[in-house]
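The values are calculated or read from the model by the stated rules, or taken from the named source; none is laboratory data. Keep in mind it's a predicted model, so treat the numbers as computed, not measured. Every residue, glycine as well, gets a Cβ built from its backbone with ideal geometry; the counts of neighbours run over all protein chains shown. For accessibility, only protein heavy atoms count, side chains too; no ligands or nucleic acids. Shrake-Rupley method; radii C 1.70, N 1.55, O 1.52, S 1.80 Å.
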Amino acid sequence: MINRTEHLLQRGQSVAISLLPAIFAIFSEWQLTGPQQMTLLGLGNEKTLYNWKSQPEKARLTMDTLERASYILGIYKSLQILLSDQALADQWLATPNDNPLFNGVAPLDRLLAGQMLDLAMVRNFLDAERGGW
């Protein structure tokens with residue numbers, strides 16, 4: 001994954017132009033607030049978030065951002081595969097989950113802890129649920 005991420009970094013703006021609007025469309029479907037979006041993208045500056053939304057071609061993406069985006073895309077894809085009803089797929093993150101991995105809280109709460117590991121854990125959980133590796 002690191003080699004692929006480094007390749008994407010070298011492509012620069014062309015990646016940001018297509019990746020960021022896709023990520024923001026997912027965030028919209030999930031009805032995430034600005035601060036929640038910032039947490040998932042690992043951003044510490046609200047101005048950066050809104051600049052990326054309005055001018056994705058000017059975004060300077062880091063390896064961390066690309067990895068986070070990859071996990072977000074994977075989570076979204078898995079939810080689309082597992083839950084054929086779009087509304088259920090969009091609500092899954094915000095619904096409390098009694099799986100021991102989530103300990104009765106919503107998966108979104110786990111994601112909003114802000115660590116890359118939390119994104120990876122939710123994606124791996126969903127991949128396992130759909131029979132992936």
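Key figures
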| item | result |
| --- | --- |
| Isotropically averaged projected area of segment 51-90, using the convex hull of Cα atoms (one quarter of hull area), nm² | 3.6 |
| Ranking by accessible area, most exposed first, for Ile81, Ile72 with a 1.4 Å probe | Ile81, Ile72 |
| Percent accessible area from carbon and sulfur atoms, the chain, protein chains only, probe 1.4 Å | 51 |
| Mean Cβ count within 10 Å, highest first, over the residues of peptides 84-90, 105-111, 40-46 | 105-111, 40-46, 84-90 |
| Under 28 Å from the Cα of Lys77 - lysines, other chains or at least 8 residues apart | Lys53, Lys58 |
| Sites Tyr50 and Leu73, calculated FRET efficiency, Cβ-Cβ separation with R0 30 Å, nearest 0.05 | 0.90 |
| Simple spin-label estimate for Gln91 and Lys58 in nanometres, 7 Å along Cα-Cβ | 4.0 |
| Scaled radius of gyration (Cα, divided by 2.2 N^0.38 Å) that segment 31-109 gives | 1.24 |
| Rounded to the nearest 10 Å², the accessible area of Ser18 at probe 1.4 Å | 80 |
| Eligible aspartates and glutamates near Lys47 by straight Cα distance, threshold 20 Å, same-chain separation 8 or greater | Glu57, Asp64 |
| Leu117 accessible area, assembled protein chains, probe 1.4 Å, Å² | 130 |
| Cα-only Debye scattering, segment 15-59: base-10 log of I(q)/I(0) at q = 0.22 Å⁻¹ | -0.69 |
| Spatial separation of Cα centroids for segment 61-97 and segment 103-133, in angstrom | 9 |
| Relative contact order computed over segment 31-133 (Cα-Cα under 8 Å; 6+ residues apart), in percent | 26 |
| Reciprocal of mean inverse Cα separation for the chain (Kirkwood radius, Å) | 15.3 |
